[in-house]
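For reference, the structure discussed in these notes is given below.
The values are calculated or read from the model by the stated rules, or taken from the named source; none is laboratory data. Source: prediction; values computed, not measured. Cβ sites come from the backbone with ideal geometry, for glycine too, and all protein chains shown count toward neighbours. Accessible surface areas use protein heavy atoms only, side chains included; no ligands, DNA or RNA. Shrake-Rupley method; radii C 1.70, N 1.55, O 1.52, S 1.80 Å.
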Amino acid sequence: MNNLLQFRRRCCAAAVLAAAWALPSLAWSQTPIVVKFSHVVAEKTPKGMGALKFKELAEQKLPGKVQVQVFPSSQLFGDAKELEALLLGDVQFIAPSLSKFDRYTKKIQVFDLPFLFDNLEAVDRFQSGPAGQGLLTSMTNRGLIGLAYWHNGMKQLSTGKDKLVRPEDVKGLKFRIQASDVLEAQFRALSANPQKMAFAEVYQALQTGVVDGQENTWSNIYSQKFHEVQKTIAETNHGVIDYMVVTNAKWWNGLPADVRKGLSEAMSEATVYANKLANDINEGDRRKIAEAGKARIQTLSKDDVAAWRKAMEPVWKQFEGDIGRDLIDTALKSNK
Ligand code: LMR
């Protein structure tokens, strides 16, 4: 390469770099700042409603300064891409389920341990305490800041089979799971075959028999119509699906202080709103599923639940090293 060409290339690269560094301030000088919030569920779910509330509050608190665009139902990014998109700056807020962060922090796997939390109130106590709050900032070294926990609800188990009462009823069946090693171990403990799959693909996989079953909250089952392609939903309440609203640390810390403050306040208020709604939405959707009369809701006796617990509990030991016994004990203490 001749010297002139080399010189030009170097100048050009320097110019691109300089432009990239200038980008944030350029972006802030353009008003309003466009803030994209992408998620994978439907609008009439706890997370869907929370995101819309956040938009409303943020735009109210920062008139003309920010515009929040909410993209539900994996329209912008699905499970496989949303964390990467956040780190690349293609989106500014996402709220993945707590099961989807295990590549970023192993400790967060505590939320996936089966039968660890008795109910959503216990989950809430754990999240509000020092250990839960500590997890919000445990991924800053990976470029992620957790701003809030949002509730969905307890998980139920569904299959395309008539009988779903005891752990032996799922032996050999294929289950869609979220991208979580704990959930994989949970289904292996049941002698079933787990398959990691993005949320947007689940309905079709159930419909076509690629998988036999799945686990989810009533609101996700209803809004995705899983009950239309499953025969039985057992009321196991064996785990939890909750969310962490996360943002890109560099973007967040680079925001003008007044904008960051307004967005923080909007997030706190939207969190209170969404977390109050979660139980009602799930109970309402359970009712609607029962009324639709497609999948049968299988209630379980104490003895049945104990059998599921016994079958799944070995998973705790498997992940104790990664999560830490102290964190598991703290979580357990939140079951009053
Ligand atoms: C799932 O993948 O089943 C859930 O995490 C979807 C969600 O965001 O509630």
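Largest first and in whole Å, the equivalent-ellipsoid semi-axes of segment 117-196 read 31, 16, 10, each the square root of five times a Cα gyration tensor eigenvalue. Distance from the alpha carbon centroid of segment 111-173 to that of segment 268-282 works out to 16 angstrom.
With contacts taken as Cα pairs under 8 Å and at least 6 residues apart, segment 174-324 reaches a relative contact order of 30 percent. Sorted largest first by accessible area at a 1.4 angstrom probe radius, with every protein chain in place, the residues LEU52, LEU183 fall in the order LEU52, LEU183. In the chain, with Lys and Arg counted as +1 and Asp and Glu as -1 at Cβ, which of these residues, GLN298, TRP316, VAL210, has the Cα nearest the positive end of the dipole, that is, farthest along it? Farthest towards the positive pole: VAL210.
Under 19 Å from a label point set 7 Å out along the Cα-to-Cβ vector of SER264, the amide N atoms of segment 220-252 belong to 245-252. On a per residue basis, the chain carries 46 Å² of accessible surface, using protein heavy atoms and a 1.4 Å probe.
Ignoring everything except DSSP H segments at least 4 long, calculate the 222 nm mean residue ellipticity for the chain; use -39,500 (n - 2.57) per segment, divide by total residues, nearest 500. Calculated from helices alone, the mean residue ellipticity at 222 nm is -15000 deg cm²/dmol.
Using C-alpha pairs under 8 Å with a sequence gap of at least 6, the mean separation divided by the residue count of the chain gives a relative contact order of 25 percent.
When a 1.4 Å probe is rolled over the protein heavy atoms, the share of accessible surface on the chain that falls to carbon and sulfur comes to 53 percent.
Could you list the residues of segment 80-118 with an amide nitrogen less than 12 Å from a label point located 7 Å from the Cα of ARG142 in the Cα-to-C-beta direction? Correct set: 83-84, 87, 98-109.
Using only the alpha-carbon atoms of segment 190-258 as identical scatterers, what base-10 log of I(q)/I(0) does the Debye formula give at q = 0.26 Å⁻¹? For segment 190-258, the Cα-only Debye profile gives -1.36. Overall shape: oblate for segment 263-305, with the ratio a/c of the largest to smallest alpha carbon gyration tensor axis at 1.5 or above and b/c at least equal to a/b. Taking other residues whose beta carbon is less than 14 angstrom from the beta carbon of ILE145, and scoring Lys, Arg as +1 and Asp, Glu as -1, yields +3.
Using a Debye calculation, one point per C-alpha and no hydration shell, please list log10 I(q)/I(0) for segment 272-336 at q = 0.24 Å⁻¹ in order. The computed values of log10 I(q)/I(0) come out as -0.99.
Could you tally the net charge around SER223, taking each other residue with its Cβ under 9 Å from the Cβ of SER223, Lys/Arg +1 and Asp/Glu -1? Net charge around SER223: 0. Dipole magnitude for the chain: computed about the Cα centre from +1 point charges on Lys and Arg Cβ and -1 point charges on Asp and Glu Cβ, it is near 680 debye.
Normalised by residue number, the volume inside the convex hull of the Cα atoms of segment 39-179 is 151 Å³ per residue.
For the chain, the longest principal axis of the Cα atoms and the long axis of helix 302-312 meet at an angle of about 50 degrees. Here the extension length gained between THR31 and ALA292 equals 89.2 nm, from 0.36 nm per residue of separation less the Cα-Cα distance. Compute the Cα gyration tensor for segment 214-336, then decide on rounded, prolate or oblate, letting a ≥ b ≥ c be the square roots of its eigenvalues: rounded whenever a/c is under 1.5, prolate when a/b is larger than b/c in the other cases, and oblate in all that remain. It is oblate, given that a/c is not under 1.5 and a/b is not larger than b/c.
Shape class for the chain: prolate, because the ratio a/c of the largest to smallest gyration tensor axis (alpha-carbon atoms, square roots of eigenvalues) is 1.5 or more and a/b beats b/c. Local charge for LEU263 was computed over the other residues whose Cβ lies under 14 Å away, with Lys and Arg +1 and Asp and Glu -1, and equals +2.
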